[in-house]
């Protein structure tokens with residue numbers, strides 16, 4: 001370390017000054033509204049700007065703005081520019097603004113917020129895949145101190161789509177990464193609901209990506225369908241999964257845009273703007289005085305339909321007209 | 001409470017709480033980054049490891065909070081041990097060792113967390129006071145006085161333990177490693193192993209970090225996998241802020257340490273490290289105070305990042321020398337303007353007038369009132385007792401020291417008092433440290449080729465053409481160097497061989513400056529090599545160069561034209 005000289009205090013003061021002088025202190029007055037109707041404040045806390053997060057926020061803002069009672073709610077955004085050591089600081093500063101509701105996006109932010117929750121504060125979480133597993137709520141139907149919207153992929157809609165396009169399919173082959181929590185959670189979820197749609201699931205953990213081709217060939221040989229869950233490693237492997245399927249004359253379905261774009265026949269994916277709007281509905285209920293424990297956690301059962309026409313042609317599958325009409329994105 | 005009272009208290013609550021929690025990381029930096037000079041990247045993994053082990057112990061194994069933290073520290077120690085095995089046993093580069101260990105820990109943490117493990121209803125150390133339904137819920141905000149008090153007690157105890165350790169004889173050995181080479185050899189002289197102390201610092205440091213990770217996860221209510229290198233950066237920045245304020249602590253530290261109440265604690269009165277650990281804790285708290293303030297005033301977080309990065313650059317940067325360098329340039333310009341009018345009678349190659357020099361921060365001058373002149377081709381020696389400033393004078397003339405305190409330095413009739421760069425090119429200097437001037441990874445032959453090449457070598461021309469090579473070969477042959485030495489790598493040379501190489505390096509240069517400065521050229525040499533070096537020096541002298549020699553070790557009789565004697569300046 002170089003000589004630590006007397007400039008230390010000057011430098012430290014400069015840093016403090018630089019950090020504090022950029023933005024004027026936010027005014028405390030609520031403007032012309034304050035006397036008549038008490039204007040509400042919502043603070044949204046998140047990790048860092050990101051495509052999906054931006055969509056959630058814009059959907060949330062739209063949802064609040066379309067509500068007659070709370071359209072003039074002041075919505076403040078705060079993020080930690082991705083620094084996980086500062087989540088607690090962001091939340092603490094947010095709470096100090098005395099908002100009427102604190103909305104959090106992503107699991108770690110929600111966990112920290114719950115831990116720091118003062119008695120009277122409403123907290124809403126958005127985009128948490130597994131709120132029960134993350135310790136946020138005891139159950140989805142009867143949440144405790146806080147509630148929110150899960151971003152669990154619309155698997156039910158995907159299974160429905162499979163039923164429409166492949167009426168005779170029975171067995172779904174599903175490779176998944178055991179080291180990814182959303183992947184494991186998604187696998188468990190699909191296994192639990194598949195019988196309702198008349199499917200059995202042949203789920204195989206992928207621990208070594210080098211073994212994936214062999215494993216996929218086996219899966220394609222004994223199943224009618226391949227399925228990609230919310231699984232980052234499988235998103236990356238989507239091209240080879242799709243190709244193995246086509247070689248075995250069976251289609252691949254997915255619950256994410258990346259995989260459909262890469263050649264999966266079709267899938268329902270999360271509409272993050274809609275997720276934000278759904279969250280806004282929950283927020284309005286909380287602002288209106290409802291208790292969080294009476295507002296079940298919402299899972300996005302409806303997703304966005306995405307189809308891939310190139311793959312359909314290769315597999316000689318004809319999309320029904322109504323599906324094509326419903327589809328939000330079609331890849332050619 | 002007043003209108004500003006609540007915001008200020010809430011700011012203090014947030015910054016002190018996190019500041020204390022993360023000072024586990026800065027305290028670990030005291031051991032690793034400061035005292036054993038090891039930038040320990042393992043921290044990124046062991047922080048999450050601590051969180052994972054603590055959460056796993058409490059949630060999955062049903063253990064209590066204290067045992068959970070103890071297990072976390074044990075796991076952190078193992079992580080530190082792994083890194084030290086990589087770095088010290090397998091001799092993998094320190095940074096890479098840390099990265100490897102952190103990479104491995106990611107896998108371990110994933111197994112336990114996949115990828116998040118909430119404490120749920122488990123009673124953690126920090127949740128036993130208040131949970132989601134706050135007992136302390138004043139002015140609509142959540143407060144953490146009990147948690148802060150607990151963490152404060154834990155941190156204070158940790159700090160006192162560290163201080164006691166650092167003040168002990170064991171700590172003396174560990175702190176010696178702050179000077180990497182000198183400390184290691186001093187420890188070896190005692191028959192002890194420096195690596196033992198390094199491993200200890202790594203093990204203890206990572207145990208501390210893991211404890212911090214465990215407590216932070218308890219504050220956040222869950223252990224979370226993806227924290228990247230955030231903790232590492234936060235720790236380093238907070239540590240640097242602490243080191244910056246350290247110099248303002250003596251007043252506090254001294255009065256604290258000198259107080260009679262504390263005198264009974266062995267050795268505390270002499271503790272410099274009392275300041276170091278205090279600074280580490282204060283640094284972390286100040287860092288979070290700034291962050292908390294920035295979020296409260298609405299400063300964009302992107303800007304916070306930029307400001308912090310610039311702050312670290314400002315802090316670590318050496319600004320004194322920039323101001324000094326620009327001052328030098330100004331003086332140089334003035335000197336050259338002044339010199340333009342009158343040209344000095346260029347009789348001598350070197351003229352020194354009333355020279356005095358004082359080392360920065362030294363209480364007295366290294367020497368004063370030195371004046372002499374050296375004619376072309378003259379051979380002169382400098383004599384004087386130890387500490388009379390002989391080497392300093394040579395280094396000053398050679399341009400390795402920027403400028404004298406007073407007096408003037410003329411080379412070839414030009415006033416170069418404030419032009420260290422020009423002095424550097426107009427002289428050749430052989431330092432007392434035989435290894436200083438050679439490229440350690442080169443062979444002797446490569447070193448000589450480098451000395452012999454006409455600078456700057458261009459990419460277009462082959463630096464080592466056939467012609468150059470043959471000239472080099474004949475020069476080496478004329479120097480009488482045996483072929484066995486040529487193939488040796490410089491770092492494998494003995495002290496005497498290295499010294500010989502330094503003289504050869506001078507001898508073999510294509511363009512030799514008019515002034516040659518030799519500081520103890522006969523160091524480390526045996527009788528036979530003394531003769532060879534003496535004849536090489538004579539050969540260099542015969543090429544017309546003026547030579548200034550400091551020679552204490554071996555009585556070699558050159559035909560000295562004059563003797564300059566230095567006396568140590570009296571203490572002031």
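Tabulated data
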item: Matching entry among B:69, B:99, B:108, B:59 (being touching a strand residue (DSSP E or B) at 6+ places or on another chain (Cβ under 8 Å) and either assigned to a helix (DSSP H, G or I) or more than 30 Å from residue A:143 (Cα to Cα) (or both)); result: B:59
item: Failed condition for residue B:6, given (1) more than 30 Å from residue A:95 (Cβ to Cβ); (2) modelled with pLDDT under 95; (3) in contact with a helix residue (DSSP H, G or I) (Cβ under 7 Å, 6 or more places away or on another chain); result: (1)
item: Residue within the stretch B:180-187 that is closer than 21 Å to residue B:27 by Cβ and at pLDDT below 85 present; result: yes
item: All positions within the stretch B:524-550 that are surrounded by 14 or more Cβ atoms within 10 Å (Cβ to Cβ) and within 18 Å of residue B:350 (Cβ to Cβ); result: B:537, B:540, B:541, B:545, B:546, B:547, B:548, B:549, B:550
item: Test: residue in the stretch B:94-101 that is within 14 Å of another protein chain (Cβ to nearest Cβ), more than 14 Å from residue B:207 (Cα to Cα) and either in contact (Cβ under 8 Å) with a residue 60 or more places away in the chain or in contact with a helix residue (DSSP H, G or I) (Cβ under 7 Å, 6 or more places away or on another chain) (or both); result: no
item: Sole residue being away from every other protein chain (no Cβ under 11 Å) and modelled with pLDDT of 95 or more, chosen from B:25, B:48, B:53; result: B:53
item: Condition met for residue B:235 (farther than 24 Å from residue B:82 by Cβ, in contact with a helix residue (DSSP H, G or I) (Cβ under 6 Å, 6 or more places away or on another chain) and surrounded by 22 or more Cβ atoms within 10 Å (Cβ to Cβ)); result: no
item: Condition met for residue B:63 (in contact with a helix residue (DSSP H, G or I) (Cβ under 9 Å, 6 or more places away or on another chain), touching a residue at least 12 places away in the same chain (Cβ under 8 Å), surrounded by fewer than 24 Cβ atoms within 10 Å (Cβ to Cβ) and more than 14 Å from every other protein chain (Cβ to nearest Cβ)); result: no
item: Any hit, the stretch B:38-50, residues being part of a helix (DSSP H, G or I), touching a residue at least 12 places away in the same chain (Cβ under 8 Å) and surrounded by fewer than 21 Cβ atoms within 10 Å (Cβ to Cβ); result: no
item: Close pairs from the stretch B:226-244: first farther than 18 Å from residue B:206 by Cβ, partner part of a loop (DSSP other than H, G, I, E, B), Cβ under 9 Å, at least 6 apart; result: B:226/B:115; B:240/A:1; B:243/A:1; B:243/A:4; B:244/A:4
item: Residue count, the stretch B:1-37 (criterion: in a loop (DSSP other than H, G, I, E, B) and either buried (at least 24 other Cβ atoms within 10 Å of the Cβ) or in contact with a strand residue (DSSP E or B) (Cβ under 8 Å, 6 or more places away or on another chain) (or both)); result: 1
item: Wholly enclosed helices (runs of 4 or more DSSP H) of the stretch A:90-199 bearing at least 3 residues closer than 30 Å to residue A:64 by Cα; result: A:107-115, A:155-165
item: Those helices (runs of 4 or more DSSP H) lying entirely in the stretch B:386-503 with at least 1 residues within 29 Å of the chain's Cα centre (by Cα) and modelled with pLDDT under 85; result: B:420-426, B:444-452
item: Set B:280, B:214: member being part of a helix (DSSP H, G or I), away from every other protein chain (no Cβ under 11 Å), touching a strand residue (DSSP E or B) at 6+ places or on another chain (Cβ under 9 Å) and at pLDDT 90 or above; result: B:214
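The values are calculated or read from the model by the stated rules, or taken from the named source; none is laboratory data. Only a predicted model underlies this, so the values are computations on that prediction, with no experimental measurement involved. Positions of Cβ are backbone-derived with ideal geometry, glycine not excepted, and every protein chain shown enters the neighbour counts.
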